[in-house]
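K.L.:
There's a structure below that I have some questions on.
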C-alpha cells in the first residue's frame, strides 16, 4: 500500500524519479490500468519503490519470497526480479476481485509459473506454508503488522530480510493519535516492538510512506 504522503519537496521527488531507471513496459501498463480500473490506485507501489524492490531482490537472489498484500501485483513482479531459477514467490491477497488483473500481469511479466497467488486471510494462510523465506514483504492490513512479524520472523532465512511498507503512515506516527485510529496505533506498536527486538537489526528508509528493513541477527 502506498499513500500520497511525501517526506521531501515535490521538486526533489521529481528529480529522484527522473534519475531512477525507467519502468519495464509491463509495469508501466499495469500502473496505468490500475489507475484506470481499480479502486484506491494510491495503494499501488510507485516506480522508485518498485525499483528498490527489484534491486534488493537481485542482491539477495531469493529462493522463496512471501508477500502479504498483492493488490494488482506491481510489487510482486518487482520482488520476483531476482528469484533463483527454481525459486517461488508466494503472495497473499484478501480481495479475490483482483484476481483477473493479477493473473493477467503475472503472465505478461512471465512469472506466473513461479508465483503462488493465495486468496484469503493471511493470518489463516501463513501457518499452512511450510517454507523458509529469503524476503518477506509486509504490505497488508496495518492492525496485524505485529502479528505477521511474530509469526514470520522464526521462518526468515539466516540472510533474509523483512520489508514492511507504510511504517510512517502519512506522518501520523509523530502526531497526536486519535483514540479510534487503530491503524496508526498498530503501526507505532509494530515500529516500537521491532526497535526493541534484540534479535534483529533494523532501519526505516524514509522515502514515500516509509519502509522498515529488518535483518535477523
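Read-outs throughout are calculated quantities, based only on the coordinates presented, and are distinct from any laboratory measurement. None of these values were measured; they are calculated from a predicted model. No Cβ is skipped: glycine too gets one built from the backbone with ideal geometry, and neighbour counts run over all protein chains shown.
K.L.:
With viscosity set to 1.567 mPa s and temperature to 4 °C, compute the Stokes-Einstein D of segment 18-76, Rh being the Kirkwood radius across alpha carbon pairs; µm²/s, no decimals.
P.N.:
Translational diffusion coefficient: 104 µm²/s.
K.L.:
Output the relative contact order of segment 10-143, whole-number percent, from Cα pairs under 8 angstrom with separation of 6+ residues.
P.N.:
25
K.L.:
For segment 1-130, report the translational diffusion coefficient in µm²/s to the nearest whole number, using Stokes-Einstein at 20 °C, 1.002 mPa s, and a Kirkwood Rh over Cα pairs. Write out the running numbers ahead of the final one.
P.N.:
On the way: Rh = 15.3 Å.
Here the translational diffusion coefficient equals 140 µm²/s.
K.L.:
Count the DSSP beta bridges whose two residues both fall in segment 10-216, then state the antiparallel fraction as a percent rounded to the nearest 5.
P.N.:
Details: 11 of 30 bridges.
Of the beta bridges lying entirely in segment 10-216, close to 35 percent run antiparallel.
K.L.:
In a GNM of the chain with a 10 Å cut-off on Cα contacts, which of 80, 18, 109 has the highest mean-square fluctuation?
P.N.:
The residue that fluctuates most here is 18.
K.L.:
Pull out the extension gain between residue 55 and residue 205, defined as 0.36 nm times the separation in residues minus the alpha carbon to alpha carbon distance; nm, one decimal. Provide the component values of the computation, followed by the final result.
P.N.:
Working: separation 150, 0.36 × 150 = 54.00 nm, distance 1.46 nm.
This chain segment gains 52.5 nm when fully extended.
K.L.:
To the nearest 500 deg cm²/dmol, what mean residue ellipticity at 222 nm is calculated for the chain from DSSP H runs of n ≥ 4 alone, each contributing -39,500 (n - 2.57), summed and divided by the residues?
P.N.:
-10500 deg cm²/dmol
K.L.:
Based on a Kirkwood Rh over C-alpha pairs, give the Stokes-Einstein translational diffusion coefficient of the chain at 10 °C and viscosity 1.306 mPa s in µm²/s. Don't skip to the answer; put the middle values down first.
P.N.:
Details: Rh = 17.6 Å.
Once the numbers are plugged in, D ends up at 90 µm²/s.
K.L.:
To continue, here is another question. Using the 10 angstrom Cβ neighbour count as an exposure proxy, how do 139, 192, 165, 183 rank, fewest first?
P.N.:
Numbers: 139 22, 192 12, 165 26, 183 16.
Going from sparsest to densest Cβ surroundings: 192, 183, 139, 165.
K.L.:
Using a Gaussian network model of the chain whose springs link C-alpha atoms within less than 10 Å, name the residue from 170, 157, 11 with the highest mean-square fluctuation.
P.N.:
11
K.L.:
Pick from 176, 54, 185: which residue has the top mean-square fluctuation in a GNM of the chain where Cα pairs under 10 Å get a spring?
P.N.:
176
K.L.:
Another one. Whole angstrom only: what separates the Cα centroid of segment 57-72 from the Cα centroid of segment 134-191?
P.N.:
Centre-to-centre (Cα) distance: 17 Å.
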